[in-house]
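Report on the structure given below.
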Amino acid sequence: MSMGKVMTRQNLRGRGVPLIATGLALVAAVGIAAALWLNNLYQPPSGTLRVGYHNRPPLTYTGADGSADGPTVRAFRDAAKTLRIPIVFVEVAGDLEVALETGKIDLFPAAARLPSRLGRIYISEPWWESDFALVRLRQAVAEGRPVRTLAHFGFPVDSFFAGKLFPAAAKLVRPRREVAVLEVCRGSADAVLVETGVLVDLLTVRPPGCETAEFSLVGLPEASMWAGVASTFAAQEHADAIRSELGRMARAGRLYPIYRNYLGPMAANFDEPLSLFEAHADERVLQIAVALLLALLVVSVAAWAAAYREKVRADGASRAKSTFLATMSHEIRTPMNGILGMVSLMLDGPLAPEQHRRAGLVKHSGELLLTILNDILDASKIEAGKLQLTNGPFSPATVLEEAVALLGPAAQAKGLKLDLAIEGSPELWLSGDAVRFRQVLVNLISNAIKFTDQGGVMISMKLSSVEAAHVRCEVRVQDTGIGIPSAAIPKLFHRFAQVEDEQTRQRGGTGLGLAISKQLINLMGGEIGVESQTGGGTTFWFHVSLPAAERPPDAVPLASNPAPPTQFPGLRVLLAEDNPVNQKVALGLLRQLGCQVEVASNGVEAVQMVRQNAYSLVLMDCRMPEMDGLEATRQIREFAQKLRVVALTANAMPEDRRACFEAGMNGFLAKPIDRQALSEVLREAAK
């Protein structure tokens, strides 16, 4: 191990959320975060855990009395004592993976995240970074001699970096440091690869024959790897607990003195305690972000419902409702673009598995909030008669399989079986709106999973040909959940209607999904219904008859993983965006795709920059200070008719899209930004 380095926190910022909603959301977030904290209280083990260590001074070694010693041993022992975890240290002579797999030990203080270890042992979130350097004779460095023979200590991390950075060099494995250094002094090795944490021993205690040698230390910036507490999979809860306690020790200033007492001035390389706490605080930031997103979801929907009712009571004007919906859509989509965009960029970077899971949870919660927002807009469009179904060939069997695959992890997390049966002719293709068909399926299946705690969910589809070249598609979603009282069934498909009991309230929801599903099925000319009784499970069913269609020759599954976005090196893009967070999100995505990007903070700057420079594409926000995106586009069209201008906006209502095209824009991207949709826009601009 070396002197520690840690990751920094992401600051998630957004704008435009109404003040009252923000205040309520923060209050709810504090409550949810407190609940999460209490729910995660750690329980120490009943028996003693065996902690392995290597005899590798100065960080871990066997002392004169035969017991484990060293600053890392002391820090680990103190953390375990605070958590009331009984431990005993056991020296490990060979690979720690083998010691963990064979049950010789339960924990190991710090293990680098080598690819060969993943899947064999558990490694917690990182608290340490292993750095490596070369020790060479000063004369060899001055003369620029290449490293043809490399000595190292034979540990897995040493071997990994020796092979990665010096593949052509001959390797000398010398488990004893003094022997490895002696190889350099004698000239039989050009360098020794060492972890910087052991340099205090290596450079101060010279083996016989090296007393007068002058060494140079050559840094290897690319030889760095995060390390966490390693354990068996059965003991991973205790590994995570000790890793978190080490972070708390760092925050309290108790970790650095331990290393200073053992290493003296050499401990100056050890990061200040607060840097280690940053890794620990990152966990809290992600938990609070999840709580905040959930709170925003609840508060935003409640605010929408209350304000909608008040508007209708006040003047009954549909224009007031539409204005309110457009405002709410914009105000929620703007911060959501920052949250989802930044988390997506975070997920593309190097994260520990647990951090990746938690960041994924933040993204999932944000997407859930976005789904609720889309449900609200769908309900409004259906009511206004503005929702139109599309027609295109699709495979209902494939759409069903993909919906089941999408919701499979949610069922698995609750220990539920998710079964699927397709009768008839699964190869049949229909002509209709595949997106809305899938929306109904996802609504019904996710509802079944949400209200089922034991047993499982059975989804069946029957396809059969009928008259006039139509195909009848019948779907049943049957669960073993809590059931629905017979008195509540008639109001299930009404907007905002939910069964009023404690179990339903605990599971949440807006009461929009079933109402939208019914309206979509009605638009398709079908029928939807439910069969249930309290405590006896529930079966939702629907059937539609749609025209048969030919399978397209290049058909691919709707939910298949998209191919990696094409790179667009050299494509010059102007981003007109005033929000700093949204600027960072868009810049990150565009630069990942290889674009050259310049930024204008308002419409006036955008017009001036288009006059002065040649761009392949302008991504134009609609709401900006000084001059909005619509007026900026109109002015650009006076002198640049062929330049592609695409709206990149949180205004996602149909009238917003229409206004963008009337102003002269060539396309429309709604926030939060979808990477594949952005890639398609860039592909068009690159033609």
Given (1) modelled with pLDDT of 80 or more; (2) open to solvent by 20 Å² or more (accessible area, probe 1.4 Å), where does Ala403 come up short, assuming only one miss? (2)
Tell me, yes or no, whether region 446-456 has at least one residue that is surrounded by 14 or more Cβ atoms within 10 Å (Cβ to Cβ), among the charged types (D, E, K, R) and in a helix (DSSP H, G or I). yes
Elements of type strands (runs of 3 or more DSSP E) contained in region 392-438, each with 2 or more residues being farther than 16 Å from Arg476 by Cα: 392-394, 429-432
Residues of region 530-544 being farther than 18 Å from Ile449 by Cβ and in a loop (DSSP other than H, G, I, E, B), which ones? Gln533, Thr534
Would you check if Val585 is surrounded by fewer than 23 Cβ atoms within 10 Å (Cβ to Cβ) and modelled with pLDDT under 95? no
Those residues that are at pLDDT 85 or above and either among the β-branched types (Val, Ile, Thr) or open to solvent by less than 10 Å² (accessible area, probe 1.4 Å) (or both), I need them from region 127-142; list them, please. Phe132, Ala133, Leu134, Val135, Ala140, Val141
Could you check region 11-105 for helices (runs of 4 or more DSSP H) lying wholly inside it with 2 or more residues that are open to solvent by 50 Å² or more (accessible area, probe 1.4 Å), modelled with pLDDT under 50 and more than 27 Å from Glu129 (Cα to Cα)? 19-39
Per-region count, region 79-96, residues touching a residue at least 60 places away in the same chain (Cβ under 8 Å) and either out of contact with any helix residue (DSSP H, G or I) (no Cβ under 9 Å at 6 or more places or on another chain) or closer than 19 Å to Arg243 by Cβ (or both): 6
Mind checking whether some residue in region 372-394 is buried (at least 18 other Cβ atoms within 10 Å of the Cβ), under 24 Å from Asp453 (Cα atoms) and either among the β-branched types (Val, Ile, Thr) or at pLDDT below 65 (or both)? yes
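Condition check ((1) within 24 Å of Phe437 (Cβ to Cβ); (2) modelled with pLDDT of 50 or more; (3) under 34 Å from the mean Cα position of the chain (by Cα)) across all residues:
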{"site": "Ala468", "(1), (2), (3)": "yes, yes, no"}
{"site": "Arg476", "(1), (2), (3)": "yes, yes, yes"}
{"site": "Ile482", "(1), (2), (3)": "no, yes, yes"}
{"site": "Lys491", "(1), (2), (3)": "no, yes, no"}
{"site": "Arg507", "(1), (2), (3)": "no, no, yes"}
{"site": "Ala515", "(1), (2), (3)": "yes, yes, yes"}
Quick check on Ser130: is it in a loop (DSSP other than H, G, I, E, B), more than 30 Å from Thr212 (Cβ to Cβ) and of a type outside the set (Phe, Trp, Tyr)? no
Please find, among Thr212, Thr204, the residue that is closer than 22 Å to Tyr259 by Cα, modelled with pLDDT under 90 and open to solvent by 20 Å² or more (accessible area, probe 1.4 Å). Thr204
Can you report the number of residues in region 226-240 which are open to solvent by less than 10 Å² (accessible area, probe 1.4 Å) and either of a type in the set (S, T, N, Q) or assigned to a helix (DSSP H, G or I) (or both)? 3
Does region 409-423 hold any residues that are in contact with a strand residue (DSSP E or B) (Cβ under 7 Å, 6 or more places away or on another chain) and surrounded by fewer than 15 Cβ atoms within 10 Å (Cβ to Cβ), and which are they? Lys417, Asp419, Ala421, Glu423
Filter region 143-169 down to the residues that are free of Cβ contacts under 8 Å to residues at least 40 places away in the same chain, over 37 Å from the mean Cα position of the chain (by Cα) and open to solvent by 50 Å² or more (accessible area, probe 1.4 Å) and list them by number. Glu143, Gly144, Ala168
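The values are calculated or read from the model by the stated rules, or taken from the named source; none is laboratory data. A quick note: this is a predicted structure, and the numbers were derived from the prediction, not measured. Neighbour counts run over all protein chains shown; Cβ positions are idealised from the backbone, glycine included. To get the accessible areas, we keep the full protein, side chains included, count just its heavy atoms, and leave off ligands, DNA and RNA. Shrake-Rupley method; radii C 1.70, N 1.55, O 1.52, S 1.80 Å.
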